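Asker: Mind looking over this structure? Questions follow.
Every read-out reported here was derived from the displayed coordinates using simple, explicitly stated rules and does not represent laboratory data. Computed from a predicted model, the values in this text were never measured in an experiment. We place every Cβ from the backbone using ideal geometry, glycine too, and count neighbours over all the protein chains shown.
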Amino acid sequence: EATVEAVSEVPDLGPAGNRLTVVEARRTIGPGDEVDFREGGRSGAEGAESKRAPRRHPDAVAGLGWATGPGPGLFYEVTGEDPEGVRERIEAGLDAGADLRDWELPARETRVERVAAEPDRYATAVVIAAYGESEPIL
């Protein structure tokens, strides 16, 4: 049976240089990453220049979801700009993964992190799940 434990501090994972299996959700935004919203979502729409909303810097959002049940478990990672949208996509991904495998995965959790965008700076949101035991690469 698969189990997942969220920890605030990473335990000793063995010597540096060992192999460790991880699932990572990571989104990086930079100074040039702006979103241009126009009414109707079409840049070529008539009068679009006069209806343009101000450009904004998107936030970096990363999330992981995991589901467990009587057998194996499942991880699903998603990135985006909106925490609620990321959560919804994680749930949909876990549902699809369970359906595809015909698994019952009733126990579910998610972890979503958001980093606010700042002009002229890079920012990264990261969520990592490490599993198994570390082992020497060679």
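Asker: Enumerate by residue number the trypsin sites (Lys or Arg not before Pro) in the range 54-138 meeting two conditions: DSSP loop (anything except H, G, I, E, B), and at most 13 other Cβ atoms within 10 Å of the site's Cβ.
Answerer: Sites meeting the loop and neighbour criteria: 55, 121.
Asker: If neighbour count is taken as other Cβ atoms inside 10 Å, put 94, 20 in order from fewest to most.
Answerer: Sorted ascending by nearby Cβ count, the order is 20, 94.
Asker: What does the charge count near residue 18 come to, summing +1 for each Lys or Arg and -1 for each Asp or Glu among other residues with Cβ under 13 Å from its Cβ?
Answerer: -2
Asker: Return the whole-Å distance between the Cα centroid of the range 68-138 and the Cα centroid of the range 1-33.
Answerer: If you average the Cα positions of each part, the centres end up 11 Å apart.
Asker: Check which residues have an amide H placed less than 5 Å from residue 59's amide H, if you skip close sequence neighbours.
Answerer: Residues meeting the criterion, in which the H sits 1.01 Å from N, are 117.
Asker: Apply the Karplus curve 6.51 cos²θ - 1.76 cosθ + 1.60, θ = phi - 60°, to the phi angles in the range 95-111 and return the couplings in whole Hz, x for Gly and Pro.
Answerer: Going residue by residue, I get 4, 5, x, 5, 4, 4, 8, 6, 10, 8, 10, x, 8, 9, 9, 9, 9 Hz, with x marking Gly and Pro.
Asker: Between residue 130 and residue 101, 0.36 nm times their residue separation minus their Cα-Cα distance comes to what?
Answerer: Answer, rounded to one decimal: 8.2 nm.
Asker: Give me 66, 103 ranked fewest to most by other Cβ atoms within 10 Å of their Cβ, as a rough exposure proxy.
Answerer: 103, 66
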